[in-house]
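> Just passing along the structure, written as structure tokens.
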Amino acid sequence: MTLKYLIQKEFLQIRRNAFLPRLIIAFPIVIMCVIPWVMSMEVKNIKVDIVDNERSTLSQQLVHRIEASTYFIFNGQKPTYQSALKEIEEGKADIVLVIPPDYGKNEMLGKDSQVLIAANAVNGTKGSMGAAYLSQIVTSHVQPSMEAIRSGVSTLLLYNKHQNYKLFMIPALFAIVMMLMTGFLPTLNIVGEKEAGTIEQINVTPVSKWSFILAKLIPYWMIALFVITVSLLLAWIVYGITSAGSIGLIYLLAMLLALFFSSFGLIVSNYSNTMQQAIFVMWFFVVCIMLLSGLFTPTRSMPSWAYLTTYINPMHYFIDAIRTVFIRGGGFSDIAHQVFALLGIGLFMGGWAVQSYKKNN
């Protein structure tokens, strides 16, 4: 009965806060409705300048092919390479293509035709991808036989058949929503009671540490169920994307991730004396956990010492498992390793949250 009233107290505190109920409702809606449109690793709108030193029919065909590409914004033809390079230095262009004077002649004689591609590598991803796109257009133009060979190659896509980047990112957005909602709110809980002075009233009661911490965790697990439900509904209503696997497994993974972050938030709150301190400490760990999880980039591209951190990173296990279920339609046997890893880490953090709470604060 004591636990029941403690949980009731937590919900009353949340309801009486003018900001938190609105945040709990609005946050998953904003994340799911806005981020999938703007978070894309596909590089487009690359501004290109072309210096055509030959101005033959063949070179102009190449210019028109680049102009028609959906990946480039054609800035026009420049008289010299120096003038085009100046536009790169001024930020008006991203890449320059220089066609030599003997481009068409070499093609007629069957010789290799070389063109110069100069890319602005300040943004390394945009520069390298832009140069790769441009190289493919030039190669297919000067070697149409190679393009014919490529056209005869068939590709079978087993998962994400339409190469929809939103389908790849939506499971990752589940992780972000869960992390911020079930991580930061518990972080502010106990330390908020310390600043308000209400924690002293709890400390003089016979409430056990287990009951107190469990009463703090359960409301945020229920909030986790709410936000993951809203996220799944919005993915279906707004984008027409549904899970290829079991919805039950998605809820299981969400609850295990909520167990970790809510426990971790309470640990930070137990060791902090002010809200400012708790927020900065939590933000430090959250950024590290997120960037080292494989949320945006493959973990195998990390240095070996950084890759070792994925073995204790619950976000890594969650993202790997939920993409397996949501995109590939995997079953429990496919994610058993990740489930048990999340469970072990979550129980460890839950025990730490109980032990770190001191009733003599």
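The values are calculated or read from the model by the stated rules, or taken from the named source; none is laboratory data. Predicted, not measured: the structure shown is a model, and the values here were computed from it. Here Cβ is always computed from backbone atoms with ideal geometry, including for glycine, and neighbour counts include all displayed protein chains.
> What number of residues within segment 1-47 are in contact with a strand residue (DSSP E or B) (Cβ under 7 Å, 6 or more places away or on another chain) and either farther than 23 Å from residue 128 by Cα or loosely packed, with under 13 Cβ neighbours inside 10 Å (or both)?
Residues meeting the conditions: 1.
> While we're here: Would you please name the residue that is surrounded by the fewest Cβ atoms within 10 Å (Cβ to Cβ), looking only at residues in segment 294-327 that are at pLDDT below 85 and polar (S, T, N, Q)?
Looking at residues that are at pLDDT below 85 and polar (S, T, N, Q), I get 301.
> Still on this structure, I have one more. Quick check: anything in segment 46-62 small (Gly, Ala, Ser) and within 24 Å of residue 217 (Cα to Cα)? Before the answer, list the steps.
Taking segment 46-62 and keeping what is small (Gly, Ala, Ser), we get 56, 59.
Going one step further and asking which of them are within 24 Å of residue 217 (Cα to Cα), we end up with none.
No, because not a single residue in segment 46-62 is small (Gly, Ala, Ser) and within 24 Å of residue 217 (Cα to Cα).
> Given the structure, is residue 285 surrounded by fewer than 23 Cβ atoms within 10 Å (Cβ to Cβ) and in a helix (DSSP H, G or I)?
Yes; evaluated as a whole, the condition is true for this residue.
> In addition: Can you confirm whether residue 50 is at pLDDT 85 or above and either surrounded by fewer than 16 Cβ atoms within 10 Å (Cβ to Cβ) or out of contact with any strand residue (DSSP E or B) (no Cβ under 7 Å at 6 or more places or on another chain) (or both)?
In short, no.
> I would also like to ask the following. Any residue at all in segment 169-185 that's without any contact (Cβ under 8 Å) to a residue 12 or more places away in the chain, part of a helix (DSSP H, G or I) and of a type in the set (Val, Ile, Thr)?
Initial filter on segment 169-185 (without any contact (Cβ under 8 Å) to a residue 12 or more places away in the chain): none.
The answer is no; no qualifying residue exists.
> Would you confirm, using the coordinates I've provided, whether residue 116 is touching a residue at least 40 places away in the same chain (Cβ under 8 Å) and in contact with a strand residue (DSSP E or B) (Cβ under 6 Å, 6 or more places away or on another chain)?
Against the criterion (touching a residue at least 40 places away in the same chain (Cβ under 8 Å) and in contact with a strand residue (DSSP E or B) (Cβ under 6 Å, 6 or more places away or on another chain)), residue 116 does not qualify.
> So, one more: With respect to the numbered conditions (1) closer than 20 Å to residue 354 by Cβ; (2) more than 20 Å from the chain's Cα centre (by Cα); (3) among the small types (Gly, Ala, Ser), which one is the sole condition not fulfilled by residue 304?
(1)
> Return the residues of segment 236-266 that are among the aliphatic types (A, V, I, L, M), part of a helix (DSSP H, G or I) and surrounded by fewer than 23 Cβ atoms within 10 Å (Cβ to Cβ); say none if nothing qualifies.
Going through segment 236-266, the residues among the aliphatic types (A, V, I, L, M) turn out to be 237-238, 241, 244, 247, 249-250, 252-259, 266.
With part of a helix (DSSP H, G or I) added as a condition, the list becomes 237-238, 247, 249-250, 252-259, 266.
Result: 237, 238, 247, 249, 250, 252, 255.
> Shifting gears a bit: Scan segment 328-343 residue by residue and report those that are surrounded by 13 or more Cβ atoms within 10 Å (Cβ to Cβ) and part of a helix (DSSP H, G or I).
Those that are surrounded by 13 or more Cβ atoms within 10 Å (Cβ to Cβ) and part of a helix (DSSP H, G or I): 332, 334, 335, 338, 339, 341, 342, 343.
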